[in-house]
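Have a look at the structure below before the remarks.
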Amino acid sequence: MNKIKTIHYTLCGLEYVYFVNAPVGIDGAEEYIDIPPDQIDRMIAVEIIRQGIPLRGREVLFLRKALKMNRNQWSEKLGVTASGIFRWEEGRNKRLSRINEVAVRMLCAEELEIELEGKWSAVITGDNRPERLEVAAA
């Protein structure tokens, strides 16, 4: 029997993600979000981009994997080296430069097929990452 609840979702490597109204299944004593994993990753990626979450290395790593791209694919699309992507991802808590953040955000928006306003001020974000990113499951 499935139920609906709010789940703090840390499997993505981002400590601030919460699924709201998530369908929850039970397997023995374990609860799980009853949404396919690929769909969970996509939902989180969409909210990171839409809500303007500042992009640090950990977000870059998550977004690249959520879009099912390797570093070479990302480097080709972004016009940077694969080793540059590696350095971004290794700097897990280091924020990207503004120009790189905008490039990553626009690439993700295109790949996720979501619209972003084309103005610089609408794409660049503030400096603070949220305490909580809520992803609506229903």
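Out of curiosity, is residue 17 buried (at least 18 other Cβ atoms within 10 Å of the Cβ) and touching a residue at least 60 places away in the same chain (Cβ under 8 Å)?
Values: buried (at least 18 other Cβ atoms within 10 Å of the Cβ): yes; touching a residue at least 60 places away in the same chain (Cβ under 8 Å): yes.
Taking the combined requirement at face value, the residue satisfies it.
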* Asked: Does residue 60 satisfy the criteria of being surrounded by 15 or more Cβ atoms within 10 Å (Cβ to Cβ), at pLDDT 95 or above and in contact with a helix residue (DSSP H, G or I) (Cβ under 6 Å, 6 or more places away or on another chain)?
  -> yes
The residue that is farthest from residue 100 (Cα to Cα), considering only those in segment 20-61 that are touching a strand residue (DSSP E or B) at 6+ places or on another chain (Cβ under 7 Å) and among the acidic types (Asp, Glu), is 31
Counting only residues in segment 75-93 that are surrounded by 14 or more Cβ atoms within 10 Å (Cβ to Cβ) and outside any helix (DSSP H, G or I), the one farthest from the chain's Cα centre (by Cα) is identified as 80
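Can you tell me which residues in segment 3-47 are small (Gly, Ala, Ser), in a loop (DSSP other than H, G, I, E, B) and under 12 Å from the mean Cα position of the chain (by Cα)? Let's see the steps before the verdict.
Narrowing segment 3-47 to residues small (Gly, Ala, Ser): 13, 22, 25, 28-29, 45.
Subsequent filtering for residues that are in a loop (DSSP other than H, G, I, E, B) retains 13, 28-29.
Hit for segment 3-47 is 13, nothing else.
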Of the conditions (1) out of contact with any strand residue (DSSP E or B) (no Cβ under 8 Å at 6 or more places or on another chain); (2) surrounded by fewer than 12 Cβ atoms within 10 Å (Cβ to Cβ); (3) modelled with pLDDT under 95, the single one that residue 1 does not satisfy is (1)
Out of (1) in contact with a helix residue (DSSP H, G or I) (Cβ under 7 Å, 6 or more places away or on another chain); (2) at pLDDT below 95; (3) surrounded by fewer than 17 Cβ atoms within 10 Å (Cβ to Cβ), the one residue 31 does not meet is (1)
Residue pairs qualifying under the 7 Å Cβ cut-off, at least six apart or on distinct chains, with the first in segment 111-126 being at pLDDT 70 or above and among the aromatic types (Phe, Trp, Tyr) and the second being surrounded by 10 or more Cβ atoms within 10 Å (Cβ to Cβ) and part of a helix (DSSP H, G or I), are none
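Can you tell me which residue among 39, 73 is farther than 27 Å from residue 7 by Cα and free of Cβ contacts under 8 Å to residues at least 24 places away in the same chain?
On the way: 39 fails: farther than 27 Å from residue 7 by Cα.
Matching residue, one of 39, 73: 73.
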Filtering segment 63-74 for residues that are surrounded by fewer than 20 Cβ atoms within 10 Å (Cβ to Cβ) and of a type in the set (Phe, Trp, Tyr) leaves a count of 0
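The values are calculated or read from the model by the stated rules, or taken from the named source; none is laboratory data. From a predicted model like this one, the values you see are computed outputs, not experimental measurements. Every residue, glycine as well, gets a Cβ built from its backbone with ideal geometry; the counts of neighbours run over all protein chains shown.
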